[in-house]
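Asks: Before anything else, here's the structure in question.
Read-outs: derived from the displayed coordinates by stated rules, not from any lab. Just so you know, these numbers come straight off a predicted model, no measurement behind them. Neighbour counts run over all protein chains shown; Cβ positions are idealised from the backbone, glycine included.
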Amino acid sequence: MQKNPYGVPTKSDNHTFRLYTNDGDEQKTVPWSQKIFKEDTSHKCPTYVTQTPPCQGSCPSGHNVRGWLDIVRGMEKPSGELSWQEYAFQRSTDSNPFPSIMGRVCPAPCEDGCNRNEVENTVGINAVEQFIGDNAKVEGYTFTINAKDTGKKVAIIGGGCGGLTTALKLRRQGHSVTIFEKYDQLGGMMMYGIPDYRVPRDVLSYEIDRIINTGIETRMNTKVGIDVTIDELEKKFDAVLFAIGAMSGRTLPIPGGKATNCVSGIAFLEAYNQGRLKHITGKVICIGGGDTSIDVVSVARRLGNINNAAEKDRPEHIIFSDTTHDVVDTSKRLGADVLLTTRSTVVNMPAAQEEIDDATREGVEIQGQLQPVEVITGKDGRATALRMIRLEEDGSTPIKGSEFEIECELIVSAIGQGVDSEGIDISFFNKHGFINADKNYQVPNKPGFFVCGDVIRPHLLTTAIGQASVVAESIGDYLSGFEQHTRPKVDVSYFDLMEKLKEWDLAPESYKSGSNVATATDSANFAVHNYEDRAFASIIPHTELFLGHFDHEQHNQRNHKLVDVDNVLGNFNERLIGYTEKEAQKEAARCMSCGLCFECDNCVMYCPQDAVFKVKKDKATLGRYVDTDYNKCIGCHICADVCPTGYIQMGLGE
């Protein structure tokens, strides 16, 4: 990287303009930074611009990741006597009320987007989030509702992460909420679709109870469409939200795919999570490649295989009949023979690489480029083998003459999810069995009905949480009689300087009509000077940062209890070991605070005119740490060049 005349490395000096004659011949090359100068001045002045970091831009829940990392690292301080731990909890749960759960199971697209990857490696966002959530459980943090009762009532169909998040958001608006849940426990896929060694049930129950205790009514073991009709909900409630998820699995669409011992991955995991499925009999083949298939085969390895099981104890009977295994013969368990097949190459499987590595270490055989073509059944209708064909590397082109059969006792299909629509008017559903939604998550042509989560399209848990935040606003607007507003590019939570100034009693004064103030002012107390908020509309790329400021710091990954072939049987202990407080703070400090000042003083130290200065302590807060004296500024843009976070940008001015 080049240096400017003041000896400071810059991120822009090696960008140049080439000048050409009328004949098209190159005349000379000039650094672009010289083009804005006239003698020693420029018409460009530093402006302090907040933008959203790509971690948040990559997060389906619109998480203010930078915000709670700044709190954990000690950069942003709480006002009053609130501890930083509770302040971080409050900031985190503004978007996601399940920090402990998402910190464990979310595949962390935020980390994929992290600009720190341009230096050495991502910040451990999930691990810090887990610390925030686990510490909240230890300290007993709760949600408080300060809104006045509006008298409006909302029915939510489904008590998964989408329904629960929306319920909390609506309670914060002052609305009454009733959740209708067909199971005897809340949690949806978190409770019934993910094994307990990944989602500890005491942690999940705590985070659910914290939401319900805000005054939410629940109707358990109540299936809408059967136990209560949509018409009844429409008459009793002011708005209805479909958050029923996609808790039905797809069968194999091949000959023999409906054999009695062919089950879906969703049904398999539900039987296990309800405590009914306690062992496997014979070889298990799982078809999939995503996270659900990994959970299936990992659970199967832990349950183990029992030879010579009674007919009534075959897994398919337990899964389909809601009965429970007799556990007296558990001492006879052996390691289950488990095979996972996928159409893609193993390298390109959609499941998280860490989960793939764990499953392989635990003794799961994984084979790629295979496609099932027929389930071979016996006279009793049970599958005895699965016929497969090998595929080219593209995962779709069959290789002629490559068919072969694998004998098995149980076939698990983890190839997709569907919606249980029993008893609900078919007009709510599209041809694929899901519910359409507009940009504000209203059901088209169904006033008063809203939708969020997997019932729109199966995706991540955090996607449902993000949709819940938006749909809660939409329901609030509907109940208040307001028009639905256009959603910003960056949803849902982002840094708001005005809110921060209010928190510290530093908000600008009210403007008084007729004030004797020039149109352009850099001194009036009713304005926030020299500042532009682009957080709602702009995500800052690494190219706008001064990466040379950041030293290489090793990513401190969470410790992982390794489970292997020798100790997998019956091992349902949690594998992740969460951060200590010091580890969380150290990892949070690696955040580069993209798009927001983190008070490094570079601009103050390197300004040749002493035009950039620190705001007085009694007037300063996050986002208002430095300011510019325009009487001294010559527009040299050094402050912008040395700003690590891209917070300072050169804007037109005089």
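Asks: For segment 249-418, give the magnitude of the charge dipole about the Cα centre (Cβ charges: +1 Lys/Arg, -1 Asp/Glu; no others), in debye to the nearest 20. Don't skip to the end; give the middle numbers.
Replies: On the way: 18 positive and 25 negative charges, 87 e Å.
Roughly 420 debye, rounded to the nearest 20.
Asks: Obtain the nm distance between the two label points defined at F429 and T360 by a simple spin-label model: each point lies 7 Å from its Cα along the Cα-to-C-beta direction.
Replies: 3.9 nm
Asks: Related question: Straight-line reach from K582: which lysines fall under 25 Å, measuring Cα to Cα and dropping same-chain residues less than 8 apart?
Replies: List returned: K77, K137, K561.
Asks: Please give the length that would be gained between S79 and E503 if that part of the chain were fully extended, namely 0.36 nm times their separation in residues minus their C-alpha to C-alpha distance (nm, one decimal). Present the calculation step by step, with values, prior to reporting the outcome.
Replies: Numbers: separation 424, 0.36 × 424 = 152.64 nm, distance 0.71 nm.
So the chain would gain 151.9 nm between S79 and E503.
Asks: What ranking, highest mean first, results for peptides 46-54, 397-405, 213-221 when packing means the other Cβ atoms within 10 Å averaged over each residue? The partial results should precede the final answer.
Replies: Working: 46-54: 25.2, 397-405: 11.2, 213-221: 14.1.
So the peptides 46-54, 397-405, 213-221, ranked by packing, come out 46-54, 213-221, 397-405.
Asks: Sticking with this structure for a sec: With charges set only on the Cβ (+1 for Lys and Arg, -1 for Asp and Glu), what does the dipole of the chain come to about its Cα centre, in debye to the nearest 20? Walk me through the intermediate numbers first.
Replies: Working: 68 positive and 90 negative charges, 123 e Å.
Its charge dipole is roughly 600 debye.
Asks: What do you get when you divide the Cα radius of gyration of the chain by 2.2 N^0.38 Å, with N the number of residues? Mind dumping the intermediate values first?
Replies: Values: Rg = 28.9 Å, N = 654, 2.2 N^0.38 = 25.8 Å.
Expressed relative to 2.2 N^0.38 Å, the Cα Rg reads 1.12.
Asks: Related question: Excluding same-chain residues fewer than 8 positions from K512, which aspartates and glutamates have a Cα within less than 18 Å of its Cα?
Replies: Straight-line reach from K512, under 18 Å: D522.
Asks: Taking the radius of gyration and the Kirkwood hydrodynamic radius from Cα positions alone, what is the Rg/Rh ratio for segment 185-275, to two decimal places?
Replies: On the way: Rg = 16.7 Å, Rh = 15.9 Å.
That ratio is 1.05, to two decimals.
Asks: Roughly how many whole Å is it from the C-alpha centroid of segment 200-218 to that of segment 391-439?
Replies: If you average the Cα positions of each part, the centres end up 33 Å apart.
Asks: Gain in length, K137 to K617, computed as 0.36 nm per residue apart minus the alpha-carbon separation, to one decimal in nm?
Replies: Working: separation 480, 0.36 × 480 = 172.80 nm, distance 3.47 nm.
Net length gain for the segment: 169.3 nm.
Asks: What is the gain in length, in nm to one decimal, between R201 and E599 on full extension, counting 0.36 nm per residue of separation less the C-alpha to C-alpha distance? Before the final figure, lay out the partial values.
Replies: Details: separation 398, 0.36 × 398 = 143.28 nm, distance 4.10 nm.
Gain on stretching R201 to E599: 139.2 nm.
Asks: Let me know the number of lysine pairs in segment 249-418 closer than 24 Å at the Cα, not counting same-chain pairs under 8 apart.
Replies: 11
Asks: Please work out whether segment 550-654 counts as rounded, prolate or oblate from its C-alpha gyration tensor, where a ≥ b ≥ c are the square roots of the eigenvalues and a/c under 1.5 means rounded, while otherwise a/b larger than b/c means prolate and anything else oblate? Intermediate values should be presented prior to the final figure.
Replies: Working: a/c = 4.53, a/b = 3.37, b/c = 1.34.
Verdict is prolate for segment 550-654.
Asks: Along the Cα-to-C-beta direction of L562, a point sits 7 Å from the Cα; which residues of segment 339-382 have their amide N less than 14 Å from that point?
Replies: Residues 357-363 qualify, since their backbone N sits under 14 Å from the label point.
Asks: Tell me the volume per residue, in Å³, of the convex hull enclosing the alpha carbons of segment 249-418. It would help to have the intermediate numbers written out before the result.
Replies: Working: hull volume 18.7 nm³, N = 170.
Cα convex hull per residue, to the nearest whole number: 110 Å³.
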